[in-house]
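J.: Take a look at the following structure, please.
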Amino acid sequence: MVSFVYPPPKCHKHTYNDAVAKCSNCGINLCKWCVRRVFSTKQIVCERCLPILNRQIKKKIAVALMEEKERRIAKLRMVKKK
């Protein structure tokens with residue numbers, strides 16, 4: 001059974017447009033003009049949350065790259081000791 005909401009929810013910014021999605025970060029309603037996607041995770045977010053999530057993802061990537069670099073350096077040190 002499909003349930004319909006009447007009246008349909010409206011976009012938080014464009015109150016004359018029907019909402020097509022909700023921001024996965026803050027939960028506000030978004031119309032097709034307001035929807036943004038986080039490239040690496042394909043999350044649907046609003047324009048306010050997009051920079052926040054992008055910063056979080058960049059930090060995670062930077063930490064992962066540093067850890068990988070440290071592992072490689074440690075491996076090279078082990079090889080040189082032998």
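J.: Quick one: would you say Lys10 is free of Cβ contacts under 8 Å to residues at least 40 places away in the same chain and surrounded by 11 or more Cβ atoms within 10 Å (Cβ to Cβ)?
T.: yes
J.: Scan (1) crowded, with 16+ Cβ neighbours inside 10 Å; (2) part of a loop (DSSP other than H, G, I, E, B); (3) of a type outside the set (Ser, Thr, Tyr) for the single condition Gly27 breaks and write down its number.
T.: Against the list (1) crowded, with 16+ Cβ neighbours inside 10 Å; (2) part of a loop (DSSP other than H, G, I, E, B); (3) of a type outside the set (Ser, Thr, Tyr), Gly27 comes up short only on (1).
J.: Looking at (1) surrounded by 10 or more Cβ atoms within 10 Å (Cβ to Cβ); (2) of a type in the set (S, T, N, Q); (3) assigned to a loop (DSSP other than H, G, I, E, B); (4) at pLDDT below 90, which is the only condition Ser3 fails?
T.: Failed condition: (1).
J.: Can you tell which of Asn17, Asn25 is among the polar types (S, T, N, Q) and in contact with a strand residue (DSSP E or B) (Cβ under 6 Å, 6 or more places away or on another chain)?
T.: Just one listed residue meets the conditions, Asn25.
J.: Restricting attention to segment 25-82, report how many residues are of a type in the set (Gly, Ala, Ser), at pLDDT 90 or above and under 30 Å from Lys10 (Cα atoms). Steps first, please.
T.: Step one: of segment 25-82, the residues of a type in the set (Gly, Ala, Ser) are 27, 40, 62, 64, 74.
Filter once more, keeping what is at pLDDT 90 or above: 27, 62, 64.
Next, from what is left, pick out any that are under 30 Å from Lys10 (Cα atoms): 27.
The number of residues fulfilling the criteria is 1.
The values are calculated or read from the model by the stated rules, or taken from the named source; none is laboratory data. The structure displayed is predicted, hence computed values, not measured ones. Because the Cβ atoms are built from the backbone with ideal geometry, glycine has one as well, and the counts that use them run over all protein chains shown.
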